[in-house]
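Below: the structure, in structure tokens.
The values are calculated or read from the model by the stated rules, or taken from the named source; none is laboratory data. Since this is a predicted model, take the numbers as computed values, not measurements. Glycine also receives a Cβ, built like all others from the backbone with ideal geometry; neighbour counts cover every protein chain displayed. Surface areas here come from the heavy atoms of the whole protein model, side chains and all, with no ligands, DNA or RNA. Shrake-Rupley method; radii C 1.70, N 1.55, O 1.52, S 1.80 Å.
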Amino acid sequence: MNIAEQDYPLTATSDITGGYLVEADGFKDFTNGVNGWYTPKGVPMTVHYPDDEEIASSQLSYIRQFVNNFENRLFASNYADAENGYRAYVDSTTLISWYLGSEITANPDYIWSMYYYKQRNDDHLYFGPMWDYDIAFNNDNRLTGQDPMHNLMAKAAFTNNGLEKWIDRLWSDEWFQQAVYNSYARLYAQDLETKLLNKIDSLNTLLQKSQELNYRKWNIRTRYLREIVLYSTFEEYVNDLRSFVAQRLPALLKAFANRMPDDVDDGETVAPQFAPSGNSYYAIANAGTSTVFDLNAEGAVVGNASRQASHSQQWRIITLQNGFMQLINRMNGLALTDPTIGESTETTNLNTQLSVAKADSTNKAQQWHIVRQSGNHYNLNNRKSRHTANLYGGNAADGTSIISYTNDSRNASSNNRLWTITPVDKVEETAIGNLQDKASQEYALAYDPHSQRLHFGCDDLSALMFLVSVYDQAGHCVLQLPALQGCSVDRLPKGLYIVTWYDQGHHSTKFLK
């Protein structure tokens, strides 16, 4: 592990803030008070570095207090608060990566023995290294009645050390729910299955000579631990692993989607103060700089100089039944969203950059109250966060972030929060299922059942600057891709799928795999 090496022996000036390597240890392989302890929730912790022959009582006391403080925050009433809750104590990247790796591999031991570490002068816990995979990938006969192909290890894993309390608490936090789903959906869309299967194939090739020698000595059909199946050849085991990965990955996408936070409507309504035309696209320009709402390459919302022909700067504004409004970007059909996580109030200032996401009119984070100020100036106030859209620092430079900001009495006077909303083009509605872009060129969507590839065809693919979404029959988005790329759908289960996109209007069609 690349962690700071501590002094041995300690001196009066030794820095004992790191590094530490600790295990949540189901075997309880420690001497309590020497190289380990039980947390307030009863989780047994073993310190592996400094090792038990060198660790001083002051070092054990330091790391024990730090971890216990993290656990206390995790179970406090304000645990979901970004600054005062548990997240202030964890490195979120390694936390989510460790959890996703554990679920992708269906490792039933992931919380029986879980490692984490702390660096010097760094007030975060880092999760990893990952290990103990001898009964992962559907190879544990204790799980045969729990459908490990589809169930999360968060519920099915073997536990005996109390760490399941941590996992249950994490899953009760909307930030964790969204972070897990968003991170996995991004991996899945980047063809995770192909990457894993290619890795399996490369290791299979690398291990051929070793496995031949191995099975001259050891019986391939002997159950050594908890194996579910016993095959006659090494190739059968490899094929079983490939099959499991291919089925596990789409099942996880659905499982994570099902755990996304429910955004129950509380019945709130507002009186509309802006009357959008149903057949117009609008530019939203800052009162101080005249820069307009636009999207950068990552899908974040920024202020850019106005370019009249740019579809990414044009928004369709839809009035919802409750009086709030939804703003749909013309280029990709995605909705303006405030991704602020956790509880917030009008005066909570988190400076979260606005983004776009799949349009969902029931999602409060996509519902905006457009509030009239003097003249033709408006505030855009988000229903969920209670914040207002703000041009960061009033900066006129292209690429300046548009952020979720304090909503208070300065709304009427701060140019950073004031916007003009001006129609710039007409909406040309086309019939659903029509595969022709009437504004530019003809194009067609094709699915080849032999290659299992979904792609568009036209004279100039680079002109297709919109995002395509693929939904299964349950309404789950299982793929998203730029129209100019196309993609393989061989990892999707057989069935009927709906393909949708927004380009000069809404389009949809379907294909049967």
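Surface exposure of the chain, expressed per residue as accessible area with a 1.4 Å probe, stands at 47 Å². Hull volume per residue, based on the alpha-carbon atoms of segment 147-230 and their convex hull, is 145 Å³. Relative to its Kirkwood radius, the Cα radius of gyration of segment 164-282 gives an Rg/Rh of 1.24.
Each of Ala397 and Arg410 was given a label point 7 Å from its Cα along the Cα-to-Cβ line. The distance between the two points is 2.1 nm.
The Cβ shell under 14 Å around Asp168 holds other residues with a net charge of +2, Lys and Arg each +1, Asp and Glu each -1. Positive contributions from Lys and Arg (+1) and negative ones from Asp and Glu (-1), summed over other residues with Cβ under 12 Å from the Cβ of Thr194, come out at 0. Volume per residue for segment 100-180 equals 106 cubic angstrom (convex hull of Cα atoms). Looking at segment 129-219, none of the trypsin sites (Lys or Arg not before Pro) sits in a DSSP loop with at most 14 other Cβ atoms within 10 Å of its own Cβ.
A simple spin-label model places pseudo-atoms 7 Å from Cα toward Cβ; at Trp131 and Glu298 they are separated by 3.4 nm. Using Cβ point charges alone (K and R +1, D and E -1), the dipole size of segment 312-376 about the Cα centre works out to roughly 300 debye. Hydrodynamic analysis of segment 1-106 uses the Kirkwood radius over alpha carbon pairs. Inserted into Stokes-Einstein at 10 °C and 1.306 mPa s, it gives a translational diffusion coefficient of 105 µm²/s. Angle check, please: helix 92-104 long axis (alpha carbons) against the longest principal axis of the chain (alpha carbons), in degrees 0 to 90, nearest 10. Helix 92-104 and the main axis of the chain meet at about 70 degrees. Ligands, DNA and RNA excluded, the heavy atoms of Cys458 present near 30 Å² of accessible surface to a 1.4 Å solvent probe.
Between 0 and 90 degrees, the angle of helix 208-217 with respect to the longest Cα principal axis of the chain falls at about 30 degrees. D by Stokes-Einstein for segment 45-183, Kirkwood Rh over Cα pairs, 4 °C, 1.567 mPa s: 80 µm²/s.
Semi-axes of the equivalent ellipsoid for the chain, please: Cα gyration tensor eigenvalues, times 5, square-rooted, ordered largest first, whole Å.
46, 34, 19
On C-alpha positions alone, give me the angle between the axis of helix 174-189 and the longest principal axis of the chain, in degrees, nearest 10. In the chain, helix 174-189 runs at an angle near 90 degrees to the longest axis. Its Cα gyration tensor gives segment 283-370 an equivalent ellipsoid. The semi-axes, each the square root of 5 times an eigenvalue, are 21, 16, 13 Å from largest down.
For the chain, the share of accessible area belonging to carbon and sulfur comes to 49 percent (1.4 Å probe, ligands and nucleic acids excluded).
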